[in-house]
Structure formats: C-alpha cells, structure tokens
1. Of the listed peptides B:223-230, C:126-133, what is their order by residue-averaged count of other C-beta atoms within 10 Å, with the highest listed first?
2. Averaged over its residues, how many other protein chain Cβ atoms are within 10 Å of peptide C:136-145's Cβ atoms?
3. Quick one: with all protein chains in place, what share of the accessible area of segment B:88-156 is carbon or sulfur, to the nearest percent (1.4 Å probe)?
4. Just tell me how shielded B:75-85 is by partners: mean number of partner chain Cβ atoms within 10 Å of each residue's Cβ, no decimals.
5. Would you compute, for the Cα atoms of segment B:161-211, the largest minus smallest coordinate along each principal axis and list the three values in descending order, in whole Å?
6. Could you do me a favour and compute the accessible area per residue for chain C, 1.4 Å probe, result in Å²?
7. Please give the FRET efficiency for C:A31 paired with C:F175, using the beta carbon to beta carbon distance and R0 = 51 Å, rounded to the nearest 0.05.
8. Sorted by mean Cβ packing within 10 Å, highest first, what order do the peptides A:76-86, A:44-54, B:12-22, B:135-145 take?
Amino acid sequence: MEYGRKRSIAVGRVAALGLVFLVGLTAGLVSCAPAYQAESAKRIAGLGVEFAESSRCQDCHLDRYDQWQQSKHQAVSCEDCHGPAQAHVKTRAKLAVDTSPELCAICHAKLVSRPGTFPQIDVQEHGKGLSCAACHDPHSPGIAAPVQPAPVPTTPPPAPTQPAPVPTIPPPSPPVAPAPAGPPPVPHSLEGRGDCLMCHKGGIAGASRVPQDHAGRTNETCAACHRGP
Amino acid sequence: MNDKKVSRRHILKLGAKGIIGIAIVSSPLPFLLRYLDKESAKANELGSALYDPAEHYWGFAVDTRKCIGCGRCVLACKLENHVPMEPEYFRTWVERYVISEDGDVLMDSPNAGIDGFQPLHQDAKYRDLEIRNSLFVPKLCNQCENPPCVRVCPVSATYTTKDGVILVDEERCIGCKYCLVACPYGARYLHPETKVADKCTWCYHRISKGLQPACVDACPVGARIFGDLRDRESPVRKLLREELVQVLKPEQGTKPKVYYTELPEGVK
Amino acid sequence: MNPLHSFRAAGIAQLNKLNGLKPSPFEGWTAALLAMTALGVLVIVGAFVQGHEKVYNTSRWMPWGILISTYVFFVVSSTGMCLISSLGHVFRVERYEPLGRRAIFLAIITLVAGFIVIAAEIERPWRMFIWAVLTPNPSSAIWWMGTLYILYLIFLIIEFLFLSGAEMVRRARAFPGPGAKSHNLSMPGSLDASEERLRKYMKFAWLAGAGGVVSAVAAHSTLGAVFGFVKAAPLWYGPYMPIYFILSALVSGAALLALVIILTYKLGGKGTSAVHELILDLGKLLLLFLGIFLFFTVWKMVSGVYGYLPGKLEATEFLLKGPLALGFWGFEIFLGLLVPLVILLNPKTRTVSGVGIASLLVMIGIFAARYNFVVAGQLTSVAREVYSVNFAPGSAEVSIVIGAFGLCTFFYIMGQKLLPLGEHTESDQAVP
C-alpha cells in the first residue's frame, strides 16, 4: 500500500542525491590546474633580472668593451669579475673592481682536472702575491713577446700578427749604445711594483733589461741610483 | 515520552540532512571556481609581455671538455635567482670526478663548487691516489620530457610549460617534498624562505625576455650552451649536429634535455 | 518537547555517571599523557614558527625523516586494526566479533594521530585541502593516498557510529529502563530497542565496514605505491611495496589489538575467558602473519644482494651491513620478528603474557622497520648516493612522535571511559 510508494520515493531521493554528488565530484576532479599553471608561468617569467648581459656595458663603456672584445677574455662576461650589473645600469652605482690575485686564481690556478689547453699557472709563485693586473690588463690579458736585448738583430723582427697590447708603462726608448749619461729615472709608478727584477731581469712587458754590469745586484739597491716619480 | 523520542531523532535527522545538503551544494563549487579563474587568467594575459611559450622549445648542452670548475656559474645562479648562500641550497652545481688508475671513480662537490676547487693533493681523499683522469661535470635541472617530479606532485604545483621548462607554482606547493624524493638527479631543494620546492628554471625570467640563463652568460669558457631546439641554427642544435652527446642516467627513462659531450663512466 | 531539554538532561546524567565512577588505575597516567601531548603540540607550533629546516634533521639529501616513518607506522596500525576486526564484523568470523568497536575506535584515533604527525612534516598543510581538491593530480600516489584515507576515515566513523548505536540498542534490550547503570553512556531512556532497529544498525555497520575494508586496502597499498613508484630509490621501487605494506598492516594490526586488549583488561578491570580466548586467537593470527612477513623480508633482502644490480645492491647493503645494520638486524629482525616468532611458536610461551610481550616487540620492530625503510631508501637514492648524511632524528621530531603516542593513548583512555567499547555482561558494574 503506502509502504511501496514511500519506498520508491525514498529510493528515488537517494538516487537523486547520489547523482548530484557524483556530478559534483567529477566536476571537481576535472582539474583547474591549467589555468593556475599558466598564471604561475607568467608570474615567474615576469621576475626581474640581476645580471645584465655584457652587451649592455657597451652602451657606456665602449672603449673598454672594444678592447675586451678583441682580447683573450672575450668569453668572460663583464659581470664575472664586476658582479651583477642590472642595478648599475639603472642607478649607476659604482661596481666592484677586484684586482686581487685571488680573483684571477679562481680560473687560472693550476688544477689537474682542468683541460690542458687552458692557461693555468701557480698564481702565488708566478705573481709573488702582487696583483695580476700589474702586468696583465684584465681587459687584454695577453703579454707581448719579451723585448730582445740590445745587439742589432741579423733579421728584421717579424711584424706583429695581432694588435699590440695596451701598454701599462710608457714604451722604453730604444737603447742608445754605449753607456747612458747616468742611471735612468724610474718612468712609472712604483705602486704594486716592489720587485724590480721581476720584470727587468727578463725584460718582460716592455721593461728594459738589466745591463750586464749590474750582475749580482738585488732589488734593495735599485732605488739607491734610480730615482722614482 | 513520545516528544522526547521525536525530538532526538528529529535533531539527528536534521543534522544529517544539513551535512548532506552542504556537501551537495558545495560539490559543484570547484567547477564554479574554475570558471571564475578563467576570467582572471584572461585578464592577466592581456596585460603581460608578448612572450609566446608555444613558439619555443628550449634545450641545454654542457661541454665537459671545456669546464674548468671555476664555479662562476653557481655564483651567478645564486645571485640571479636569490638562492640562499648556505651550502645546502643551490640550483646548479659542479662536480669533480677523479678516476684513479685502479678504475675507482671518486666525486666531490664542495659547497656546490661555488668557490671553485682545491688542488687534489690538498684533499685527503685524493692525496695518495694515482690519478688516471679527472674532470668537472656541471649539473642543473634537466627539464626532463618525462619528469618524475611532475608526475608525483599531489596538487599539480609543479608543471611543464609549453616551451619545455618545468616550473614550481610557489603559491600552491604544499611542501610535501615528494618531488625532492622523486628526482633522480637531486636537482630540487626546499627553499627555506618560501617553504616550497625550488629548482633551476633555466632562468625562465631571462629566457622569456630573450636573454640567456645566468649560468650560461657567466661561464668564462663556453662550457654551458643554451638555445631553442626548434631553431636549427641555435647553439644547442649546432652542438648536437657536431658532437655525439649523452644524458645523465638514461636508464631512469626521464628523457632529459641537458646534453653532455662527455661523461665519465661512473658519473652519478 | 524542546529538543534542547533532552540534551541537557543527557549531559547532566552523563556527568553524574562520571562523578560516580571509581577512579581506575588509568587516572595516574592521564597527566603524563597530557604532558606528552602538550609537548608534541608545542614543538609542532615551534617548528612552524621557526621553520622546519632549523629544527628538523631533514635536508635536501634526506627530505623525509622520522615524521614520515611515524606517519606510516600509525597508518599501518590503523589499517591493520580495521582489517583484523573486519574478520569479525564484515566477514562474520564469530571468534573475532568481540573486537568490534574497540578496534574501530583505535583505528580512528591512530589514523588521526598519523594525520597530525604528517601535518607537522608538510610545510604548508593548510594548502592541501584547497589545492588537492581544485588542482588534483591523478598520477600522484600521494593524492590518491590522501583521498582514499579520507574516504577510509569516513567509513570508519560511520561504522563506529552504527556499531555503537547497535550496542546501545543491545544494552537497552538487556537492561531496560531509563538511565540504566549498565552502560557508561546513558540515554534518556527513550531509545527504541527493537530487534528491527538492531538489525538495521548492524546492516549499515556491515556496509560501512565493507567500505572500510575496501578503502583501507586501497589506501594503504597506495601508501606503499607512494614509495614503490619512486624509480630514483632502488630500495623502494617496484610492485613489492604496496603488497608489503598490506602485510605489514596485518602484522601490526594483530599485534596492536592484542597489546591494547591485554593492557585494557589487565589494568582496567576484570577479563573474561572469552577475552582470554580472543587474545590467544590474535596471538595465533600474529604468528601466521609474522611467518609470512619473515618470508617476505628474507626474499626482499636476498633479491637485493643477488645479481649485483648497481643501485639495488647498495641500498640493500645499507641495511644489511651499512649504517643501519643495528637498526635492521637488532630491531627489525631480532626484536621485531625472531623473538616474537619464537615466543608464539612455542605453545608453552603462547600465553596471554607471552602474546603481550610478543606484540610489544613486534610494534617496536615495525616502528624501527619503517624508519629504516624511509631513511635507507633516500640515502641510497640514485640522486643522493654520494652524500653521507647524519640521519638521526632531531629532538624536535622525536618530541612530536612522543606527543602523537601520548595523544593516541590519552584518547583511547578517554574513549575507554566514555564510549561503549567493550561487551556488555550480566554484571551491572560499569564494564570496561
């Protein structure tokens, strides 16, 4: 009687509830993720940068940039040594200039694991604690061939195949034989150059070679005759 | 008596109906929210930059023959992406492999290589070893085509973009670290400030602006190469043409997109 | 009649009941348990305020620590108790029917304790509930595990409500009249104690129980899959973990139920011979499951070292001869498997006390086994095999674990006092 009808109504209600719940559950399972992911990707793409590229430096520092572009350090970005520069582009706050040998040693210290063709050296032994920049301009680090000693060469010296490096000290005047009038004065600043023999013994970086009659003399005695600036 | 009976049962029935009612009413809610979100996503699109991810498919290559282990890439990455300086947190890192004459393969990666490496004779591990070979292997997120990290995220917080980069939505990540556990390369870490999973994004914020990833710019020897795999003349495609390349842990089935020119036999 | 009046009357009757109860030996422990729980809660709050990376001993190289293994431990116990007690009220094996409500109640509180422990491990747990619903990832084992565990919890609660309701009806039938002293939870005498109602309640309880068993097996094997799907961890990867976890659930369910029943009846009051028989039956079940468990463990270890599979060998050796050797051989194998097996095999030692000791050792062994498993799997992952990490749990994590145990025990004692967990007997005393 009543019971049968009530029962079917109840079953109908339960079935309807179940259906609505299932639909809701399915709709929820169809993920909203793509919309959120697209928004997240845009947010991440919009983050600010800290490192400008080296090409940005060209805008203001054209001379250094050109020098650097032609040097052996052309693959070393400006910011490798000077630090992130995007802020500097906007605010022009001074960037770090680190001339310590430790900075150069990061790449150029001798390590067995480094490829053999890569220029590496025992930095302490080679530089004796001095700044590498004393002899190697970081924007053009190659050193010219040592200047030959006084005797006239039998064959003309070969023309240089690459542009001469920017000298850090004035080029030496050609040697005038025989003895000069007196001890030549020191034409360059002595800062960072306490070891005269380091360059003058072998005639490196265009320095004039120590003459034969100075044999046996040490660094301490140079300043006694050769006056500084 | 009868009243009490009715009232108690009445309340229970009311309660049950209420709960079921709320459940039914709220079940289409996620559907509604998704619809609403589409609107806000559209609004975002109109205002954002004109970078279309669908036009690119990024790839990365590492020439281990050139790497000198200077660690400039690790430092640049930390500075560019504001990664904390502590040793545990890094997005990219450099490993040094030393192969002894006996064939043993040893690896070290001090502080991810950010300060470079000390000479082998100064490390007790290598001091008395006869060394056959030694090299540096830089590593970063491989942005796999079959990424285990994306597969395991319970809330879809990590995902692959259309241009092939895997990112983490820091607003939805719950920090369960399942992706850290699932990555076979150890590329992920939990960021201590945002408390969500973090990893190398190939500097997505740079590459979408036409720049290169910070580590690629920083590398002084050109060991890291980046480019668009769709562009035949991109640096990566050129390298892939000129060299035979391999990937890390191919047996994991992840299909990485970082291609290495040479890898030592026991590479981790 | 104003419905609020009947609730008020019920509440007053309840308080009178509590005031009249004799203090039981449980009282002294309650303060200690509350202290443990408070410690756990405070440490959890502190961990969230300070940042997990500062207080937990987890790291990039071992992201999951003792909190995850404790979560697995609690959840494995919960699933096990549901499965064992389902022998009684789903599969109608009569000798296990007395397990009924107690087992389900325990299953609920251990599950909740497990959830609290894992909420302490996740960095942003509140986000779970929103994003797991809005942006689910059906390929994520953790997503399925979470969803199925909530379903399991719902089934458990429904089952417990109906079983308790049925017990109410039974007691009302045995001791008619309002506010009868024979049960702790008195109703204002108006319960319809008909046979039909009892059958209806039992039927719904059966339905919920069946749903509970299915969802328990599904959820727990999915928890096994959380580990088993990680190809990067050779110790975990494969089809074995889901199966092993279900077996582990059966072992720890039998052990924990036996232990709890022994403690409840020994400490709380009189035990009947039926209870005695039940404990010995549980002991026999435990013996069977331990045997299978040992079988599984042996094959897992042997297959790990056989054949020199590169990642798998290191992972297995990490447990067998590596830093976790003591935890493995000492706790998991010796204390957790061999000693209980010997106790249970020998009919002379298979007494109630013997079963109790064996069960306690099994629980310790399973706790250690879960920890070994979680740590060894990560430290031998192909992503991290080169780093030697200090994997000892930090004091914060240990405090949280202690708090979780305290919470569980406290809730059980409260439930024991306030809820109809046991069987009614002819005695008119408050029945444990």
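1. B:223-230, C:126-133
2. Numbers: counts 10, 12, 4, 6, 11, 5, 7, 6, 1, 1.
Taking the mean over all residues of the peptide, I get 6.
3. Values: 1140 of 2790 Å².
Carbon and sulfur together cover 41 percent of it.
4. Values: counts 4, 7, 1, 1, 5, 8, 3, 2, 0, 1, 0.
Mean number of neighbouring Cβ atoms from other chains: 3.
5. 33, 24, 18
6. Working: 18070 Å² over 432 residues.
I get 42 Å² per residue for this part.
7. Working: r = 34 Å, r/R0 = 0.66.
Taking R0 as 51 Å, the efficiency between C:A31 and C:F175 is 0.90.
8. Working: A:76-86: 21.0, A:44-54: 18.6, B:12-22: 10.6, B:135-145: 22.8.
Descending mean neighbour count gives B:135-145, A:76-86, A:44-54, B:12-22.
The values are calculated or read from the model by the stated rules, or taken from the named source; none is laboratory data. Only a predicted model underlies this, so the values are computations on that prediction, with no experimental measurement involved. Using ideal geometry, Cβ is built from the backbone for each residue, glycine included, and neighbour counts are taken over all protein chains shown. These accessible areas exclude ligands, DNA and RNA; they are computed on the full protein's heavy atoms, side chains included. Shrake-Rupley method; radii C 1.70, N 1.55, O 1.52, S 1.80 Å.
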